[in-house]
1. Dipole size in debye (nearest 20) for the range 113-166 around its Cα centre, Lys and Arg Cβ +1, Asp and Glu Cβ -1?
2. Report the local net charge at THR77: Lys and Arg +1, Asp and Glu -1, summed over other residues whose C-beta lies under 10 Å from its C-beta.
3. Which one of ILE6, VAL25, ILE87 has its Cα pushed farthest toward the positive end of the charge dipole of the range 4-164, where Lys and Arg give +1 and Asp and Glu give -1 at the Cβ?
4. Cα-based Rg of the range 4-164 per 2.2 N^0.38 Å, rounded to two decimals?
5. Only Lys, Arg, Asp and Glu count, each charged at its Cβ (+1, +1, -1, -1), so figure out the dipole size of the range 4-164 about its Cα centre, rounded to 20 debye.
6. Quick one: net charge of ILE50's neighbours, Cβ under 10 Å, K/R +1, D/E -1?
7. Would you order ILE152, ILE79 from fewest to most other beta-carbon atoms within 10 Å of each residue's own beta-carbon?
8. Rounded to the nearest 0.05, what FRET efficiency do ASP138 and GLN43 give with R0 = 22 Å and r taken as the Cβ-Cβ distance? Could you check?
Amino acid sequence: MESTWIGSPNFTKGRKRVTHITLHVMGGYLAGTDATFKDPSVQASATYGIGADGTIHQYVSEQDTAWADSNSFSNSTGISIEHEGGIPKAQFTDACAEASAQLCAYISRRYNLGPLVHNGTIGNVYLHREIPGTDHPDCPDRAPNGIDVEQIITRANEILQGEDELSAKDIYDTRDQDGRNLFDHAHQILDDLPIQTRNALIETRGNDGRNVLDGVIQARNQIQTLQESVDQLTELVKQLQK
């Protein structure tokens, strides 16, 4: 998913496990939001912002906590997306909605959020106005030219239904809670698998009380003995045929 890094000084290092996406409306334009989030005196930011033409800007790493939701717990467990609009002259456009849907699907896929559902703070898509502590009662959908929440979620779920597999870049970009990407994590699992398998074979007992590993070794020895007998019989038959 392509985005342009803008950066903001307004964030907290680190975060909790991602459980939801929070949708916002800028109350203005993308350029103004860039300037606002780059100002340390504002003490506000979001993870992403989307312009009327579908351009996506990123202000805070997904591995860190943006200051967006007026609620520290929601901030630390959510990824926040601002959308151009929210005032009479700034339109919320179809291009913005499509980019947002693509981004929401991208986030959901990488963090295993599943189908996107808006149900207050019970679902995995929050609206800023619904979060306890907010002072933005119209954000993101009740302001002039507010966003179309249903359009974004419906389209995002269509995208999710058509994509069954993560790309290699998705796996590399997505970080586990220990900071490793999923590619490294998968390698660690593969490295650990022989040890885990050996331990499981040793601990698992067959009907005769022997562990499975001993049973496998015994079976292999029996097969080897049988193969030797077959080879001897084959040789004997060849001699008799002469």
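The numbers here are math on the coordinates, done by the rules we state, and not lab data. Please read all numbers here as calculations on a predicted model, not as lab measurements. All Cβ positions, glycine included, derive from the backbone under ideal geometry; neighbour counts span all protein chains shown.
1. It comes to approximately 220 debye.
2. Once positives and negatives cancel, what remains is +2.
3. Most positive-ward Cα: ILE6.
4. 0.93
5. That gives a dipole near 520 debye.
6. Taking every other residue near ILE50 into account, the sum is -4.
7. Sorted ascending by nearby Cβ count, the order is ILE79, ILE152.
8. Given R0 = 22 Å and the Cβ-Cβ separation, E is 0.60.
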